[in-house]
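**Q** The structure follows.
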Amino acid sequence: MTGQFNDPVRLVAFNTLEHWSDDVSAEIAAEIQIRCDIDGVTVPEYIQDFVASHTGPTRQMALRLI
């Protein structure tokens with residue numbers, strides 16, 4: 001949020017002690033959107049594409065009723 005990184009593509013968390021890594025992009029993008037909504041500001045321009053690509057509209061599967 002402070003502008004230290006421009007145009008991020010993905011965020012990955014690493015835990016070397018437990019030998020795992022995880023893509024946390026969706027969680028971070030959602031948190032950025034929530035914080036901006038709470039503060040009543042728009043998502044900063046330099047991370048808008050990141051937030052939009054990871055918090056897109058949720059789609060519900062349509063079931064055909066017979």
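**Q** Of all residues in segment 1-35, count the ones that are farther than 11 Å from residue 47 by Cβ, open to solvent by 100 Å² or more (accessible area, probe 1.4 Å) and of a type in the set (Asp, Glu).
**A** 2
Table: residues versus (1) of a type in the set (D, E, K, R); (2) touching a strand residue (DSSP E or B) at 6+ places or on another chain (Cβ under 9 Å).
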{"position": "12", "(1), (2)": "no, yes"}
{"position": "24", "(1), (2)": "no, yes"}
{"position": "35", "(1), (2)": "yes, no"}
{"position": "46", "(1), (2)": "no, no"}
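**Q** Continuing with the same structure: Among the residues of segment 13-25, is any in contact with a Leu (Cβ under 6 Å, 6 or more places away or on another chain) and either part of a helix (DSSP H, G or I) or touching a residue at least 40 places away in the same chain (Cβ under 8 Å) (or both)?
**A** yes
**Q** List every residue pair whose Cβ atoms sit under 6 Å apart, with the two residues 6 or more apart in sequence or on different chains, where the first one lies in segment 43-66 and is under 13 Å from residue 28 (Cα atoms) and the second, anywhere, is of a type in the set (S, T, N, Q) and at pLDDT 90 or above.
**A** 51/33; 54/25; 55/33
The values are calculated or read from the model by the stated rules, or taken from the named source; none is laboratory data. As the structure is a prediction and not an experimental result, all values here were calculated from the model. With ideal geometry, Cβ positions are generated from the backbone for all residues, glycine too; neighbour counts draw on all protein chains shown. Surface areas here come from the heavy atoms of the whole protein model, side chains and all, with no ligands, DNA or RNA. Shrake-Rupley method; radii C 1.70, N 1.55, O 1.52, S 1.80 Å.
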